[in-house]
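Values quoted throughout were computed directly from the atomic coordinates according to the rules given, and no laboratory measurement underlies them. What you are looking at is a predicted structure, and each value in this text was computed from that prediction instead of being measured. Cβ coordinates were reconstructed from backbone atoms using ideal geometry, including for glycine residues, and neighbour counts include every protein chain displayed.
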Amino acid sequence: MELRIDNLTKTYPNGTQALKGVSLTLGQGMFGLLGPNGAGKSSLMRTLATLQEADSGSATLTTDDGDINVLTDKDAVRRTLGYLPQEFGVYPKVPAEEMLTHFAALKGLSNAKERKETVEYLLNMTNLWDARKKNLGGFSGGMRQRFGIAVALLGNPKLIIVDEPTAGLDPAERNRFHNVLAEVGEKSIVILSTHIVEDVSELCSNMAIINKGEILLQGDPQFAMESLRGSIWKKTIDKHALAEHQAKFHVISNRLVLGKTLIHVLSDAQPEEGFTSVEPDLEDVYFSTINASQETAA
């Protein structure tokens, strides 16, 4: 299976250019699309999910059954698509099992026995079986997201899109959702759109960083981290000294730790005494890539 996106563009009526010649190639498994809010992630996801038109470019989904033109053959895409948007509504007074059964019927599962077996399987897979009789209005945020992925998995989709799925979840619910996504990614192309770096580093073997509608980097997260080995340095400073260090060094990130500011600096050699070399992580890749694009634009 493969999803090939070539030179996709989208400009909204207010003049915002959301996608600027986006080109990506995705194979089976988990693909992370990482970027800040407003980077173009949702615009790309909505275009691939047939919810909005692109201005130009192409997108082709290749499966065992042949090629599907994602931009023009929307019915064919929808038959093999599972989509979990960033926000989705539920009927609060309807039990989970009843609602999922209803969605299964809408998806075309007309055989009652097959529909029942599918609903039971998905509720167990998403760890919602014990809550199947509970009204959806009583679900926690994480339970709602897991119910959403159960809906998205109806019909054995080949392409699954999940948009900011773990935003707002507590650590336990986030781990449960990660487990579900990891299992799903074994059989389909799964696009995980997020601004949470840890989601990509823990789940995805392929990724891209997008900002201001442009793809800045695509590849294996491990390779991207390896490329920065020996170039990331850290130092804890007084928070009032941040501006001074930003003027003097290539500071790619900073955060408060116990009242002090921890900075990460990109440099081929030790910037000065007091800096310690650190193993790069995906957050360093993300911030260095975003910062480089902003410096180029300036």
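In the chain, a dipole from Cβ-located charges (positive for Lys and Arg, negative for Asp and Glu) runs towards its positive end, and of Ser43, Leu26, Phe139 it is Phe139 whose Cα lies farthest in that direction. Helix 112-125 and the long axis of the chain differ in direction by around 20°, with both axes built from C-alpha atoms. Between Ile68, Ile210, Ile149, the residue with the greatest mean-square fluctuation in the GNM of the chain (Cα pairs under 10 Å linked by springs) is Ile68.
Test of the criteria: in region 81-124, which trypsin sites (Lys or Arg not before Pro) are in a DSSP loop and have at most 10 other Cβ atoms within 10 angstrom of their Cβ?
Passing both the DSSP loop test and the Cβ count: Lys93.
Using Cβ point charges alone (K and R +1, D and E -1), the dipole size of the chain about the Cα centre works out to roughly 1000 debye.
Put simply, the convex hull of the Cα atoms in region 52-103 casts, on average, a shadow of 5.4 nm².
Using just its DSSP H runs of length 4 or more, each adding -39500 (n - 2.57), the chain gives a mean residue ellipticity at 222 nm of -10000 deg cm²/dmol after division by all residues. Once the mean of 1/r is taken over each pair of separate Cα atoms and inverted, region 145-194 shows a Kirkwood hydrodynamic radius of 11.1 Å.
In a DSSP loop and with at most 11 other Cβ atoms within 10 Å, there are no chymotrypsin sites (Phe, Trp or Tyr not before Pro) in region 36-125.
Could you tell me whether region 1-104 comes out rounded, prolate or oblate from its Cα gyration tensor? Rule is a ≥ b ≥ c as square roots of the eigenvalues, rounded for a/c under 1.5, then prolate if a/b exceeds b/c, otherwise oblate. Oblate.
Among the GluC sites (Glu not before Pro) in region 135-213, those placed in a DSSP loop whose Cβ has at most 11 other Cβ atoms within 10 Å are Glu186.
Which residue fluctuates most in the GNM of the chain (Cα springs below 10 Å): His178, His245, His195? Among His178, His245, His195, the largest mean-square fluctuation in the Gaussian network model of the chain belongs to His245. Of the residues Asp281, Asp64, Asp199, the one that moves most in a GNM of the chain with alpha-carbon contacts below 10 Å is Asp64. For Leu26, Leu8, Leu228, the sequence from fewest to most other C-beta atoms within 10 Å is Leu228, Leu26, Leu8.
What are the aspartates and glutamates whose alpha-carbon lies under 20 Å from the alpha-carbon of Lys235, with same-chain residues fewer than 8 places away excluded? Qualifying aspartates and glutamates at Cα under 20 Å: Glu244, Asp268, Glu272, Glu273, Glu279, Asp281, Glu283, Asp284. Above 18 Å lies some portion of the pair distances; for region 226-297, what is it as a whole percent of all C-alpha pairs? Roughly 35 percent, once rounded to a whole number.
Starting from the Kirkwood radius over alpha-carbon pairs of the chain, derive D by Stokes-Einstein at 25 °C in a medium of 0.890 mPa s and give it in µm² s⁻¹. Rounded to a whole number, D works out at 117 µm²/s.
Classify region 54-170 from the C-alpha gyration tensor, please: rounded if a/c falls under 1.5, else prolate or oblate depending on whether a/b exceeds b/c. Oblate is the answer for region 54-170, as a/c is 1.5 or above yet b/c matches or exceeds a/b. With a threshold of 23 Å on the Cα-Cα distance, the over-threshold entries among Lys41/Lys158; Lys93/Lys116; Lys41/Lys248; Lys93/Lys158; Lys107/Lys158; Lys234/Lys260 are Lys41/Lys248; Lys93/Lys158. Write down the percent of antiparallel bridges among all DSSP beta bridges whose residues are both part of the chain, to the nearest 5. Restricted to the chain, the bridges split so that about 65 percent are antiparallel.
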